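Shown next, in structure tokens, is the structure this report addresses.
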Amino acid sequence: MTTQPSASYRVDPHTAQLFYIDGQWVEPTQPASLAVINPATEQVVAEVASGTGADVDRAVAAARRALVGWAATSVAERAGFLEKIHGLILQRQEVLAQALSLEMGAAISFARAMHVPLAAEHVRVARDVLLDYSFQTLQGSTAVVREPIGVCGLITPWNWPLYQITAKVAPAIAAGCTVVLKPSELSPLSALLFAQLVHDAGLPAGVFNLVNGSGPEVGAAMAAHADIDMISITGSNRAGALVAQAAAATVKRVTQELGGKSPNILLPDADFAKAVPLGVMSALRNVGQSCSAPTRMIVPRQRLAEVEALAAATAQGIVVGDPQNAQTVLGPIANRAQYDRVQAMIDAGLSEGARLVCGGPGRVEGLPKGFYARPTVFSEVDPAMRIAQEEIFGPVLCILAYDSLDEAVAIANHTVYGLSAHVQGQDLDQVRAVAARIRAGQVLLNYPTWNPMAPFGGYKRSGNGREFGVQGFEEYLETKAIVGFA
Ligand code: NAD
């Protein structure tokens, strides 16, 4: 496909100054705005209204009013709305891809091939799960009924903006809940397009509401809100913990999808010529800004030199550049703060004595503007180093060596996180046995294709609760036992 001009991106500047509440675009309670910066140019590309607790109150009130009616709709009705939303995402995929590229620097080919289609998949899956789901089962004489939990506050990050939105909104409304969405203040444009799309799908007023704004202002007001029944946040551990604290007083359900530092164990019988390049690309795709990125490659010590050579060849072959160019694999890092964090972590790796295999600090040659970072590989990384322990969220891969299988598993589990893990090897029994020993919510064997039905979420500090598939849907349900029913 040829490069598309960013002119094909359309968020009406007036709409950007509004919130979507109770089925219409409305003025914020107080005029305030935040700038959206294109990370490829460092230029302001939009001004978006920034809300307050008063806007959250209005949105929650609308969601509360809509709840009884929406919860009473039939499965077929809700499935029909999801079908329409799914169709509109596909119909508007180019505009959505352009918005994502503009707001967070996604390479346009990647936005078209991954960000948007995967976001659509969450909607399709929510519809399919809904159509198959048994909301009432009988356990002896007791009916166990699953009911929508109520009004849900949904807080999403900037790294996979649309994907994270549909992963929450679709199961929530499928379950019969009504929602207030607060997208990341750093990537609000695709969210505005999504709100218009939901409106155009004809969803009843109040079922879906959107308030833009900062975490401490709008997100915190949602977390503490007495009339929100559940908060689902995807973001950093810091924000996840703050949300849980703010939510505690009202005893609402909190689900958290937080950080990760995922291991990728290469067993001695793995096909290294394939497993290493695929591992590098899995770690670095989306410029390493994926919570589940396998950023710790754990390899047999005697194969270290071979792994380094394969990893360097792969990383050095990655085309970094203008996200609007269809050949670009990695665009810039999504924002200045994240660029600075990544640079600080690369410096930490160097000062702690990890061996730089390729990349390193500073800007990419020939790209003096924009938050471009160099695809970086460190080897001989000690499991205790900061770069092995802290989430970097940039294009940085750490290679760690092991001498025994037990040591490989111990390194993999030596982290406060437990979101995702990979195991590579030809002996499937051994691969499965290693997977069983890893403390993570999702373990991927030999780079399987993405399964949007597979539950996704964290052990340990990677979070609480699950997204995607049946388990993701059930997060939005309460359980009622009607004893003596039969
Ligand atoms: P962030 O924590 O800065 O922001 C995430 C969201 O939380 C934003 O909408 C933000 O406005 C909001 N927020 C911030 N402070 C808040 C507060 N006090 N109260 C309420 N809301 C608040 O995270 P980010 O930088 O946007 O995203 C990157 C992080 O998200 C990484 O740590 C990454 O691992 C994590 N992430 C996790 C998953 C997952 O599924 N586990 C997926 C994607 C990203």
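The values are calculated or read from the model by the stated rules, or taken from the named source; none is laboratory data. Keep in mind that this is a model prediction, so the values were computed, not measured. We place every Cβ from the backbone using ideal geometry, glycine too, and count neighbours over all the protein chains shown. Quick note on the areas: whole protein, heavy atoms, side chains included, nothing else; ligands and nucleic acids left out. Shrake-Rupley method; radii C 1.70, N 1.55, O 1.52, S 1.80 Å.
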Could you work out Rg/(2.2 N^0.38 Å) for the range 322-477, with Rg from alpha carbons only? 1.19
Run the simple label-point estimate for Gln245 and Asn413 please: 7 Å along Cα→C-beta, distance reported in nm. 3.1
Anisotropy class of the range 281-382 from Cα gyration tensor, a/c 1.5 cut: prolate
Share of antiparallel DSSP beta bridges in the chain, in percent to the nearest 5? 40
Everything considered on the Cα gyration tensor (a ≥ b ≥ c; rounded for a/c under 1.5, else prolate if a/b is larger than b/c, else oblate), the range 178-263 must be described as oblate
Computed magnitude of the charge dipole of the chain (debye, nearest 20; Cβ of K, R +1, Cβ of D, E -1): 240
Once label points are set 7 Å from the Cα along Cα→Cβ at both Thr479 and Glu147, what is their separation, rounded to one decimal in nm? 1.6
Among Val416, Val207, Asn451, the residue whose Cα sits farthest towards the positive end of the charge dipole of the chain (+1 at Cβ of Lys and Arg, -1 at Cβ of Asp and Glu, taken about the Cα centre) is Val207
Contour minus end-to-end for Ala309 and Met281, with contour as 0.36 nm per residue of separation and end-to-end as the Cα-Cα distance? 8.6 nm
Quick one: dipole size for the range 263-453, taken about the Cα centre, charges +1 on Lys/Arg Cβ and -1 on Asp/Glu Cβ, in debye to the nearest 20. 500
Treating cross-link reach as a plain straight distance, find the lysines whose alpha-carbon is under 28 Å from the alpha-carbon of Lys274, omitting any fewer than eight places away in the same chain. Lys261
Using unit Cβ charges (K, R positive; D, E negative) and no other charged atoms, how large, in debye to the nearest 20, is the dipole of the range 7-128 about its Cα centre? 360
Length-normalised contact order of the chain in % [C-alpha pairs under 8 Å, at least 6 apart]: 18
Just how far, in whole angstrom, is the range 101-145 from the range 153-170 if you go by their alpha carbon centroids? 11
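What is the diffusion coefficient of the range 30-118 in µm²/s, taking the Kirkwood radius over Cα pairs and the Stokes-Einstein relation at 37 °C with a viscosity of 0.692 mPa s? Working shown, then result.
Working: Rh = 16.1 Å.
Reported coefficient: 204 µm²/s.
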For the range 463-468, Karplus couplings with θ = phi - 60° (6.51, -1.76, 1.60), whole Hz, Gly/Pro x: x, 9, x, 10, 10, 6
What residues qualify as long-range amide H neighbours of Thr255, i.e. H under 5 Å apart, gap of 5 or more or another chain, H built at 1.01 Å from N? Ile231, Ser232, Ile233
Per residue, how much accessible surface does the chain expose to a 1.4 Å probe? Answer in Å², no decimals. 37
The range 326-341 versus the range 195-238: alpha-carbon centroid distance in Å: 26
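Express the C-alpha Rg of the chain as a ratio against the empirical globular expectation 2.2 N^0.38 Å, rounded to two decimals. Don't jump to the answer; show the numbers that get you there.
Working: Rg = 22.5 Å, N = 486, 2.2 N^0.38 = 23.1 Å.
Against the empirical 2.2 N^0.38 Å value, I get 0.97 for the chain.
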Name all residues of the range 266-284 having a backbone nitrogen under 19 Å from the label point set 7 Å from the Cα of Asp403 along its Cα→Cβ direction, giving them as ranges. 266-268
How much length, in nm to one decimal, is gained on full extension between Phe135 and Lys369, taken as 0.36 nm per residue of separation minus their Cα-Cα distance? 78.9 nm
Using all C-alpha to C-alpha distances in the range 405-486, build P(r) with 5 Å bins and read off the rounded percent in each one. 3, 13, 19, 19, 16, 11, 6, 5, 4, 3, 1
